[in-house]
Amino acid sequence: MYNVFANLYAATVLRRPRRTLAVVAAAVGLLATQLPQFALDASSESLLLESDSGIQFYRAVRARYGADDFLILTYTPSRPMFSDAVLGELSALREDVVSLPHVASVVSILDVPLLESPPLSPKELADGAPTLLDERANRSLAQKELRTSPLYSNRLLSEDGGTTAMQINLTQNTIFANILRERGDLREKRLEGELSAEEEQQLARLSREIHDARDHYRQKVGETIDSVRSLMTQYRDGARLHLGGLPMISHDMLSFIKHDLVVFGGGLLAALVTLLALIFRQPRWVVLPLLSCGATVTAMMGMLALMEWPVTVVSSNFVSLMLILTLSLNVHLVVRFRELHSDKPDAGALELVDATVSNKFYPALYTVLTTMVAFASLLVSDIRPVIDFGWMMVAGMALAFILTFMILPASLVLLEPGAPPRLSRLTNRITGLFTQLVERVPRGTLAVYALLTAAALFGISQLSVDNRFIDYFKSDTAIHQGMTVIDQQLGGTTPLDIVLDADPEFLEQAAEEEELDLPGEPGLAATSYWYNTARLDTLDRAQEYLESLDDVGKVLSLATTADVLRQIVGTDELDNLELSIVHKRMPDDVRAALFEPYLSADGNQTRIAARVYETSDTLRRDELLESIRTWFSDELGIAADRVHLTGLMVLYNNVLQSLLRSQVTTVGAVLVVVFLMFAASFRSAKTAAVALVPNIVSASLVLGLMSTLGVPLDIMTITIAAIVIGIGVDHTIHYVYRFREEFERTPDYRQAIDRCHGSIGHAIYYTSITIILGFSILALSSFVPTIYFGLLTGLAMAIALIANLTLLPLLLSGLEVLGPGDDAKGARQ
């Protein structure tokens, strides 16, 4: 079979190199035409769990009680907040923001109804409440009300009165929301059973429409954010301004992705040119590998654009990975070509290339397959961007293998070999040091690895997923600064909603009474499960509990509404009749502020809106959510199926909690499959087990180091172990293949180690240095998890390099995996 393939390859690629290169150039050029359609995605949906059932409920809550995708503009003046000059400037800023094309409305201290400035009776309230700049408003009383009101304090105005916030509501993408809902319904139906052919077509159509609608809306939001920031620069003379909110975070993260793609690609390209020039000292060994890498990355980006497959924050480093891994393949071929040329200085280009390909095809094939398996293990994760990243790299590695074995060999056939290369003495000395370590202190080396691995395994058991979203961003970024101000001055940043349903027995009774069609129109307090004196007391207890938690900031609920109503009526208690009358006579704008965010239209579902301090050092999301669920059940006696926790706090926590499960699943999957591939490749379970050890050690050490340094698992670092194993096994495969060749020539383990370190050891060293340097470039990112990912993966690859040149040969020789050697026989005799 191999001979048939080899003959076909030689006939189509090696003997027709110009045609091969022309076909490759045409295919890559065609894919390059799709690059303008290359898409990026930094929306919150791109960071959610694929299988999270809470997403649909979260979207339903947003639709019922109001969206949370608004902007927050904080304003901290250098002069007194309620001075004429500051209010005038704030009013001008507000008008400028409202006039922007895609801004639906603005809520600020200038817009909200004042109920105590001066105090209004229910009758006066029916005629409408004044706002801050209204002639009827008492400014000194308004200052006190805005600082102390349960509705406005720590929400629109900080407790010290020094910082205020504008909530900028964007025009809603209703088309997108409708399409998203239709697609969600069809997906749920497909999970429950099969869709008809027409419904499958409709689902495909909706997916395309979602892509277009999202891009259009994202562009509008981006333009609005840029416009707001432009306005902010005009008002910075007398105040400090910061922008926050989910749309802004998504917008800036998109900028990070673009920045990373450019910096990673450009920085890595420059570094690789320098490195290749230093290693090989010939222009062809710089140009040809980079030509192969460039063609692979271009073709891959074109394919992603053609398939309308956007790149997210997690997969933004795929360009760097593609360059690194493709170059690794090329370096192995180059090193082997140079070795053969050095051994056969008179051989022609075709002979040398044919021998190189024959020698390296199977090792390269298995390294690519194992790397693909490593990335494929990410598919078992529940996290959408991690799954996409896995698919991208699986396809990318297949493409890298095909193009590498077409571009580099075909190009070399067209070039004269020239003078035989002189091998690097420095590299010989470095790999020679590893040889001495293996031969002179084998037991000490094994003992060090055993101790380090034991310590690493203990560290892995302490790995945590508790991390703060704010720490994903450097302190000088707008995201970090905006979140800090909102968190510390305005009651927290991360939304957490507790949605409470009515007792089913109450609903059944209400349905029976509705069938009776009793005369008269009962008030809301008579028909609502939650809007009555008994249930308001329950909600008041719930709000007090939430406000007592250290990690919870501003809390708003129907209990807040009841407090305001009692202030309006001027009484400590309201009976159900008074509650109904006040609700009925209330102006629409006041009702919209006091009821709509916290009570469903029928009054049988209520929402408690809390915000969590993202800057809190004590924040443990999962523990906090579990304690809240337990309290509502144990203290209030509300059945668990009637208590729903939702919001970005919950969805993000679901992602974090899945990380540990995904880490175990992905690493376990990749180890099992790689072992099976090793066993098939080496035709020996013993050799496969030995070959796996250095890669387990390197992955364990980097995960243990993460625990020691307090680096938690996140959406980026979760991929490190699988990637380290996937790339590390490349070196293992090349080394074991070469070791078997040398042992077959001379069945002496010590000589096999010496010759391997002097040959394949060079290729492993070069590719490792290239990979380490490539991952180090990721430290230039603005996204902190990417920095950790780059530095830790680079460190892991350095460990893998050392392990493959020390631990692997020690195990191969010490366990005599290839049978007794002449050196061992002589020692026994």
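Numbers at a glance
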| read-out | value |
| --- | --- |
| Pairs with Cβ under 7 Å, 6+ apart, first in region 119-139 and modelled with pLDDT under 85, second among the charged types (D, E, K, R) and open to solvent by 40 Å² or more (accessible area, probe 1.4 Å) | PRO122/ARG585; ALA126/ARG585 |
| GLU744 being farther than 19 Å from GLY728 by Cα, open to solvent by 10 Å² or more (accessible area, probe 1.4 Å) and not in a helix (DSSP H, G or I) | no |
| Subset tally (residues that are outside any helix (DSSP H, G or I) and in contact with a Phe, Trp or Tyr (Cβ under 7 Å, 6 or more places away or on another chain)) for region 630-646 | 4 |
| Looking only at region 814-823, and only at residues there that are touching a Pro at 6+ places or on another chain (Cβ under 9 Å) and open to solvent by 30 Å² or more (accessible area, probe 1.4 Å), the one that is nearest to ASP476 (Cα to Cα) | GLY814 |
| Residue selected from region 576-598 under the condition part of a helix (DSSP H, G or I) and within 12 Å of LEU556 (Cα to Cα), by the criterion modelled with the lowest pLDDT | ALA593 |
| Condition broken by SER108, with the remaining ones in (1) open to solvent by 30 Å² or more (accessible area, probe 1.4 Å); (2) farther than 25 Å from LEU414 by Cβ; (3) at pLDDT 90 or above satisfied | (1) |
| Index of the failed condition, THR571 passing every other in (1) polar (S, T, N, Q); (2) over 28 Å from PRO119 (Cα atoms); (3) surrounded by fewer than 14 Cβ atoms within 10 Å (Cβ to Cβ) | (2) |
| Subset of region 234-259 [assigned to a strand (DSSP E or B) and open to solvent by less than 40 Å² (accessible area, probe 1.4 Å)] | ALA239, LEU241, LEU243, GLY244 |
| Residue count for region 458-478, restricted to those that are part of a helix (DSSP H, G or I), farther than 27 Å from PHE256 by Cα and at pLDDT below 85 | 3 |
| Filtered residue count, region 767-795, keeping only those that are hydroxyl-bearing (Ser, Thr, Tyr), open to solvent by 10 Å² or more (accessible area, probe 1.4 Å) and out of contact with any Leu (no Cβ under 8 Å at 6 or more places or on another chain) | 2 |
| Test: residue in region 792-804 that is part of a helix (DSSP H, G or I) and over 21 Å from GLY704 (Cβ atoms) | no |
| Qualifying residue in region 539-546 (condition: outside any helix (DSSP H, G or I) and either in contact (Cβ under 8 Å) with a residue 12 or more places away in the chain or buried (at least 22 other Cβ atoms within 10 Å of the Cβ) (or both)) | no |
| Residue match in region 657-672 (condition: modelled with pLDDT under 85, closer than 30 Å to ALA721 by Cβ and more than 22 Å from the chain's Cα centre (by Cα)) | yes |
| Test: residue in region 369-378 that is over 20 Å from MET301 (Cα atoms) and not in a helix (DSSP H, G or I) | no |
| Odd one out for GLY553 among (1) at pLDDT below 90; (2) farther than 21 Å from LEU636 by Cβ; (3) small (Gly, Ala, Ser) | (1) |
| Single residue of region 599-615 satisfying the filter (at pLDDT below 90 and open to solvent by 20 Å² or more (accessible area, probe 1.4 Å)) that is farthest from ALA562 (Cα to Cα) | THR615 |
| Close pairs from region 427-452: first under 19 Å from ILE799 (Cβ atoms), partner modelled with pLDDT of 85 or more and open to solvent by 60 Å² or more (accessible area, probe 1.4 Å), Cβ under 8 Å, at least 6 apart | PHE434/ILE802; THR435/ASP754 |
| Filter result for the condition that a residue is in contact with a His (Cβ under 8 Å, 6 or more places away or on another chain) and either crowded, with 24+ Cβ neighbours inside 10 Å or in contact (Cβ under 8 Å) with a residue 24 or more places away in the chain (or both), over ILE725, ILE715, ILE696, ILE760 | ILE760 |
| Any chance GLY704 is surrounded by fewer than 22 Cβ atoms within 10 Å (Cβ to Cβ) and either under 24 Å from the mean Cα position of the chain (by Cα) or not aromatic (Phe, Trp, Tyr) (or both) | no |
| Members of region 131-154 found to be farther than 18 Å from PRO80 by Cα, in contact with a strand residue (DSSP E or B) (Cβ under 9 Å, 6 or more places away or on another chain) and either open to solvent by 30 Å² or more (accessible area, probe 1.4 Å) or not in a loop (DSSP other than H, G, I, E, B) (or both), listed by number | PRO150 |
| Scope region 372-415; condition buried (at least 23 other Cβ atoms within 10 Å of the Cβ), polar (S, T, N, Q) and modelled with pLDDT of 80 or more; matching residues | THR404 |
| Qualifying residues in region 479-529 (those that are at pLDDT 80 or above and part of a loop (DSSP other than H, G, I, E, B)) - the one nearest to the chain's Cα centre (by Cα) | THR493 |
| Members of region 56-91 that are surrounded by 15 or more Cβ atoms within 10 Å (Cβ to Cβ), part of a helix (DSSP H, G or I) and of a type in the set (Asp, Glu) | GLU89 |
| Total residues in region 708-737, condition of a type in the set (Gly, Ala, Ser) and under 30 Å from TYR749 (Cα atoms) | 2 |
| Tabulated pairs, region 368-385, first within 20 Å of SER681 (Cα to Cα), second aromatic (Phe, Trp, Tyr) and modelled with pLDDT of 80 or more, C-beta under 6 angstrom, 6+ apart or interchain | VAL368/PHE401 |
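Let's see how each residue does on (1) outside any helix (DSSP H, G or I); (2) buried (at least 20 other Cβ atoms within 10 Å of the Cβ); (3) among the aliphatic types (A, V, I, L, M):
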| site | (1), (2), (3) |
| --- | --- |
| GLU623 | no, no, no |
| ILE628 | no, yes, yes |
| LEU659 | no, yes, yes |
| VAL664 | no, no, yes |
| GLY668 | no, no, no |
| VAL673 | no, no, yes |
| LEU676 | no, no, yes |
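Here is a yes/no grid of residues against (1) open to solvent by 30 Å² or more (accessible area, probe 1.4 Å); (2) of a type in the set (A, V, I, L, M):
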site	(1), (2)
GLY265	no, no
THR296	no, no
MET300	no, yes
ASN317	no, no
GLY348	yes, no
VAL353	no, yes
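The values are calculated or read from the model by the stated rules, or taken from the named source; none is laboratory data. Remember, predicted model here, so these are calculated numbers, not experimental data. Positions of Cβ are generated from backbone atoms using ideal geometry, with glycine treated the same way; all protein chains shown enter the neighbour counts. Please note that ligands, DNA and RNA were not included when accessible areas were found on the heavy atoms of the full protein model with its side chains. Shrake-Rupley method; radii C 1.70, N 1.55, O 1.52, S 1.80 Å.
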